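Everything on this sheet refers to the single structure shown next.
The values are calculated or read from the model by the stated rules, or taken from the named source; none is laboratory data. The structure presented is a predicted model; accordingly, all values stated were derived computationally and were not measured. Note: ideal-geometry Cβ built from the backbone for every residue, glycine included; neighbour counts use all protein chains shown.
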Amino acid sequence: MKYYLKENYKAGEAIYKTSVDITEKDGTIKFFFEAENSKCYCPYNKYNEELFEGDVCEVFIGSDPLREIYYEIVLAPNNTLFLARVTDRGNRDYDIDHIDKKDCFVEYHAGKTEKGYFAEFKFKLQDIRTGDGEIIFNAFRIDTDGEYPEKHLFALNPSLRDTFHYTPAMVKLKDYLK
């Protein structure tokens, strides 16, 4: 199903329209983002560089019942991916373990459109298991207006903070696959 991201700080309407279509088929989950009004600013172009300093779409997803361990999947409009396993102890205390490119389990594709860009990635649900709990996630977009890191933060389920790394804002995936 298709959903629209909101402004992350106040949960209001996003200044730039961003949709994410979330589907599952045969144990494979797919996220398809459409990001409008983007200058497609991408200061990096190598796997696992700090892509979130530019324009990106991303998902945090995992199954740890304590909500401490999840995967961070980030895709820039220039078709560059960042993939890491995050251990989040709260209060901005987290470790990021980058996944080597040879171990990347995400299929991805991104590119410019007339209105901005699209970002699509998919992976097997079994590959993002971080525990024996229900699968939880959140979907995000960062837009810089071509100049300033994290100028605009958008989220499917806003954290109401200046960060996306806030696991209480993650929601059950099954509720979004109806």
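Annotations
- Any hit, region 138-147, residues being surrounded by 14 or more Cβ atoms within 10 Å (Cβ to Cβ) and at positive phi: yes
- Counted residues, region 12-35 - those being under 25 Å from LYS178 (Cα atoms), more than 15 Å from the chain's Cα centre (by Cα) and either acidic (Asp, Glu) or loosely packed, with under 14 Cβ neighbours inside 10 Å (or both): 6
- Listed conditions (1) modelled with pLDDT of 95 or more; (2) over 23 Å from TYR166 (Cα atoms) are all met by SER38, apart from (1).
- Only listed residue being farther than 19 Å from SER159 by Cα, aliphatic (A, V, I, L, M) and outside any loop (DSSP other than H, G, I, E, B), chosen from ILE22, ILE73: ILE22
- Verdict on ASN48 being in contact with a His (Cβ under 6 Å, 6 or more places away or on another chain), over 17 Å from ASP21 (Cα atoms) and assigned to a loop (DSSP other than H, G, I, E, B): yes
- Checking each residue in region 1-19 for being of a type in the set (Gly, Ala, Ser) and either modelled with pLDDT under 95 or in a loop (DSSP other than H, G, I, E, B) (or both) picks out ALA11, GLY12, ALA14.
- Scanning region 90-113 finds no residues that are surrounded by 19 or more Cβ atoms within 10 Å (Cβ to Cβ), in contact (Cβ under 8 Å) with a residue 60 or more places away in the chain and under 21 Å from HIS165 (Cα atoms).
- Matching entry among PHE118, PHE105, PHE154 (being at pLDDT 95 or above, of a type in the set (Phe, Trp, Tyr) and either over 16 Å from the mean Cα position of the chain (by Cα) or closer than 20 Å to ARG85 by Cα (or both)): PHE105
- Number of residues in region 62-73 that are buried (at least 23 other Cβ atoms within 10 Å of the Cβ) and among the hydrophobic types (A, V, I, L, M, F, W, C) equals 1.
- For the condition among the polar types (S, T, N, Q), at pLDDT 95 or above and out of contact with any His (no Cβ under 7 Å at 6 or more places or on another chain), ASN91 does not qualify.
- Candidates in region 114-137 are the residues that are part of a strand (DSSP E or B) and among the aliphatic types (A, V, I, L, M); of these, the one that is surrounded by the fewest Cβ atoms within 10 Å (Cβ to Cβ) is ILE136.
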